[in-house]
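Okay, structure first, notes after.
Please treat every number below as a calculation from the coordinates, not as lab data. In this text the structure is predicted, and so the values were computed from the model without any measurement. Here the Cβ is made from the backbone with ideal geometry for all residues, glycine too, and neighbour counts use every protein chain on show.
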Amino acid sequence: MATALIYKLLLASAILVLSLVVAMYSTWLERKVAAFIQDRLGPDRAGPWGLLQPLADGIKLFFKEEFMPNTADKFLYILGPALTMFIALLTSAVIPWGPDITIGGQTFSLQVADINIGILYIFAILSIGVYGIMIGGWASNNKYALLGSIRASSQMISYELAMSLAIIAIVMMTGSLSMKEIVAQQQGFQWNVFYQPLGFLIFLVCAFAETNRSPFDLPECETELVGGYHTEYSSMKLGFYLFAEYINMFISGAVIATLFFGGYHFPYIDRLGLSPNAFAFVSFLFLFAKITFFGFVFMWIRWTLPRFRYDQLMGLGWKKLIPLAILNLLITGVVILLTT
């Protein structure tokens with residue numbers, strides 16, 4: 001029991017460190033992707049190919065002047081970014097990062113918490129995440145920050161509906177809410193994206209909206225709201241909001257890969273004749289490659305499509321995605337009825 005607990009703590013710590021490192025270097029990668037799309041060089045001064053630029057940015061955030069508006073609610077002002085960062089890290093607990101490994105004759109899972117309602121856990125955590133942004137905007141006592149937080153909350157709540165309906169179709173097909181079971185049913189090339197292409201597209205669009213990424217970045221719209229909900233933040237409080245966005249992007253890619261693209265499975269990987277631990281390591285690399293691809297898609301879309309107007313954003317969520325998600329549910333139900 002003690003060994004299993006120590007292993008879980010080490011695994012959770014490893015995922016925490018991985019999430020932070022990925023978030024840090026996602027900023028470097030995004031600037032490189034943006035530079036490539038816009039025919040620029042991007043970071044190339046701090047270290048080879050600019051690889052030390054994220055470290056320089058992190059040091060800069062640590063040493064920037066820390067201030068708090070005189071009229072701000074001090075407790076909520078600090079709670080907002082802390083809650084946003086905490087919620088972003090919690091989501092990774094139910095994602096299966098690879099098959100089981102064997103250490104000292106004992107078998108351990110590469111999943112922090114193998115609960116049978118993993119999908120519900122993810123949506124419960126996502127629904128709480130909006131509070132961090134809303135609290136930050138309200139506590140700042142700034143009209144621009146408040147408008148940004150209101151935009152973020154209404155946007156995230158609206159797109160959660162279509163996202164949930166897209167996931168219900170997956171649950172109908174697999175008959176399980178467990179993330180591990182959903183991955184297990186996609187072994188080989190039985191990926192859910194081939195059976196739920198419309199559900200995948202709906203989920204992908206909603207993931208952009210949930211992470212406040214362009215073209216759904218109205219909560220941070222600099223042309224109207226200065227910096228949006230984090231206008232009054234500086235130093236590492238601002239850093240927490242920025243880090244949380246990239247961690248959410250990383251976790252969104254992991255969830256998309258898990259639900260629709262087989263998770264850590266890859267065709268014919270079982271024919272390589274690897275030992276269990278080597279098999280688990282290679283499987284994790286395949287999952288990480290899928291997550292990296294979706295991270296690139298997030299960046300690609302950001303630097304390609306223009307920002308929506310707010311009425312267009314809400315219209316897309318309520319008038320287009322939700323009816324399409326309901327239609328996808330009906331089609332899925334009919335197909336299951338006819339094939340069983």
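Quick look at the numbers
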{"item": "Tilt relative to the chain, helix 322-339 - C-alpha long axis, 0 to 90 degrees, to 10", "result": "0 degrees"}
{"item": "Filter on Lys32/Lys143; Lys143/Lys237; Lys32/Lys64 - keep pairs with C-alpha separation over 30 Å", "result": "Lys32/Lys143"}
{"item": "Packing-based order for 320-330, 230-240, 38-48, using average beta carbon neighbours within 10 Å, highest first", "result": "230-240, 320-330, 38-48"}
{"item": "Highest-MSF residue in the chain out of Gly98, Gly58, Gly199 [GNM, Cα springs under 10 Å]", "result": "Gly58"}
{"item": "Under 17 Å from Lys8, Cα to Cα: aspartates and glutamates that are on another chain or at least 8 residues apart", "result": "Asp100, Asp114"}
{"item": "Protection-proxy order for peptides 211-217, 243-249, 111-117, 286-292, each taking the mean of Cβ atoms within 10 Å per residue, highest first", "result": "243-249, 211-217, 286-292, 111-117"}
{"item": "Kirkwood hydrodynamic radius of the range 24-108, Cα pairs, Å", "result": "17.2 Å"}
{"item": "Answer label, with volume of the Cα convex hull per residue in Å³ calculated from the coordinates and candidates [x] 129; [y] 138; [z] 159", "result": "[z]"}
{"item": "Convex hull projection area averaged over all views, the range 194-340, Cα basis, nm²", "result": "12.3 nm²"}
{"item": "Neighbour net charge for Ala88 - beta-carbon separation under 12 angstrom, K R +1, D E -1", "result": "-2"}
{"item": "Helix 74-90 vs. the chain, principal-axis angle (Cα, 0 to 90°, nearest 10)", "result": "20 degrees"}
{"item": "GNM flexibility winner over the chain from Leu61, Leu147, Leu204 (Cα, springs under 10 Å)", "result": "Leu61"}
{"item": "Most fluctuating residue given options Val297, Val183, Val255, as computed from a GNM of the chain linking Cα atoms under 10 Å", "result": "Val297"}
{"item": "0 to 90° range, to nearest 10: angle between helix 53-63 axis and the chain longest Cα axis", "result": "50 degrees"}
{"item": "By average C-beta atoms within 10 angstrom, highest first, the peptides 306-318, 156-168", "result": "156-168, 306-318"}
{"item": "Label point 7 Å beyond Cα of Val334 along Cβ direction - residues of the range 172-211 with amide nitrogen under 16 Å", "result": "196-199"}
